[in-house]
Amino acid sequence: MVYLKCKHAVYIGMAFLLVVLGGCSTPKDVTYFQDLKPGETVLKVTASEELKIRPEDKISILVNTRDPQLSQLFNLPVQSRMIGQTGGTYTYNQGVSGYTVDADGCIDFPVLGKVHVAGQNRQEIAALLKHELISHDLVKDPVVTVEFMNLSVAVLGDVGKPGRYNIDRDRFTVLDAISMAGDLNITAKRDRIFVLREVDGQQQVHGINLLSAEQLYTSPVYYLQQNDVVYVEPNNKKIRESTPVGNTFNNPSIWISISSLVLSICVLLFN
């Protein structure tokens, strides 16, 4: 009788394991861009919106001329910042000082004074400053270079490395941001990604589906703007396992433990 009971318990334990292992199988909605066919698919990417400078953005501006001393007149000093100490030796990091755009969208540029730059991209700001320097007969042959300094996006949710990441190019995509954040975790919903963007004081929410390349590349938020927030939603299994008590009975590990315990007891009784 004990043998039969243990035999039934073993079958039950094996059934538990099969159910659990079946539930742990890889879901089908994991592969990106499922509608792509190599050699056949041609997609039109949504037009990119150039990054426009806004109040509180920070930019670096370098003016180069044939006369180095004249160039220094229009360039902010290089700043040195101590970043560490090794064996009594201090380590410094040197970087170009930047201009912070004020609430009115202006920067205070040497000699020229207040210059309105908000709403313009890097190339437009460079062209404006070059024109102003020449028109005021200050420099005849300036080369003006403008770079971003503090433009960034935030990536949150079910990704490898959530955090804030700097925008390092004019055309910065949601794929760039996700790649910098260590890609999506296996438990992330590929079709439930949201981009939060503030426009004229209102928060807009856009959805992105990475399972479809066509939906991704035609999305109005495929190209990100400064201060965008990318949120990746976790799947239901990940949500259940993150509850305060771990949602014990929905956690595969607890069923594996129970099955192992049943099998161990039966082995002891049978022996």
Does Ser253 satisfy the condition of being modelled with pLDDT under 95, over 30 Å from Ile53 (Cα atoms) and not assigned by TED's automatic domain parsing to the domain that holds Gln123?
-> yes
State whether the residues of the stretch 114-135 include one that is over 14 Å from Ile53 (Cα atoms), in a strand (DSSP E or B) and modelled with pLDDT of 90 or more.
-> yes
With respect to Val19, determine if the residue is assigned to a loop (DSSP other than H, G, I, E, B), modelled with pLDDT of 50 or more and β-branched (Val, Ile, Thr).
-> no
Restricted to the stretch 118-139 and to residues being in contact (Cβ under 8 Å) with a residue 24 or more places away in the chain and not hydrophobic (A, V, I, L, M, F, W, C), the residue farthest from Val195 (Cα to Cα) is His136
Of everything in the stretch 176-204 that's modelled with pLDDT of 95 or more and of a type in the set (Val, Ile, Thr), which residue is nearest to the chain's Cα centre (by Cα)?
-> Ile178
Within the stretch 152-174, can one find any residue that is in a strand (DSSP E or B), touching an Asp or Glu at 6+ places or on another chain (Cβ under 7 Å) and on the phi > 0 side of the Ramachandran plot?
-> yes
Within the set of pairs 6 or more residues apart or between chains, which connect a residue that is under 25 Å from Thr100 (Cβ atoms) inside the stretch 55-70 to a residue that is acidic (Asp, Glu) and assigned to a strand (DSSP E or B) with Cβ atoms less than 9 Å apart?
-> Ile59/Glu147; Ser60/Glu147; Ile61/Glu147; Leu62/Glu147
Starting from residues that are basic (Lys, Arg) and at pLDDT below 95, keep the ones in the stretch 140-175 and report whichever is nearest to Leu196 (Cα to Cα).
-> Arg171
Taking strands (runs of 3 or more DSSP E) that do not extend beyond the stretch 186-238, which have at least 2 residues that are surrounded by fewer than 16 Cβ atoms within 10 Å (Cβ to Cβ)?
-> 188-199, 202-208
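The values are calculated or read from the model by the stated rules, or taken from the named source; none is laboratory data. Values in this document were obtained by computation on a predicted structure and should not be read as measured data. Neighbour counts run over all protein chains shown; Cβ positions are idealised from the backbone, glycine included.
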